[in-house]
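Below is one structure, written out as structure tokens; comments come after it.
Derivation of every value follows stated rules applied to the coordinates shown; laboratory data play no part. Just so we're clear, the structure is a prediction, and the values are computed from it rather than from any experiment. With ideal geometry, Cβ positions are generated from the backbone for all residues, glycine too; neighbour counts draw on all protein chains shown.
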Amino acid sequence: MPEVRNLWQTEELFSDHYLKARLDKNDWWPTDDEAKPLWEFCKALYEKRYLACARNNEAFTRQELLDKILEKLGFPYTDNLGLPETQQDLEPDYILYPDAETKEKVIDRSAAERYRAAVAILEAKKLHHPLSQLSKHQQRYPHQQIRHYLNEAQMLSWGT
């Protein structure tokens, strides 16, 4: 799927080498043919919602972009929107599970248990929020948020 533009922005929070050279070596990584329909969906949705997301906040981006993409990818997930506002900062925006059964097993467990059962955690940001800048509401950098969640789950192992 040749695209000239940069498809990611790491701001040196992790290595481009992992994305360019190691990621597609994993058994679970799809072929280009397998990924193409999902890529086309994501690209079309992004282009359709770009201006609206750029003008709005993180919650809008989550609702109009990220939720739809995660559903299309088939990830069962929980999000922090059901938590009281004072507790939303204490949990990641999304916890992604490998399957619905795993999600059901841990949905009422501690945050650390839910993180350990997850295949990924996702911290959403408003479109164009620089990853190298403080999140205004939380007064910490995005990578500090992720590190906090991984430390809480006692599984800080980046890029493996």
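Observations, loosely collected:
- Between Arg109 and Leu83, the FRET efficiency from the beta-carbon distance, with R0 = 22 Å, is close to 0.90.
- Separation of the His128 and Asp27 label points, Cα + 7 Å toward Cβ, nm: 4.4
- Three-way shape label, region 16-152, alpha-carbon gyration tensor, a/c 1.5: rounded
- Gain upon complete extension [Gln63, Ala100; 0.36 nm per residue less C-alpha separation]: 11.3 nm
- Reachable aspartates and glutamates from Lys72, criterion Cα separation under 16 angstrom, eight or more residues apart if same chain: Glu34, Glu40, Glu64, Asp99
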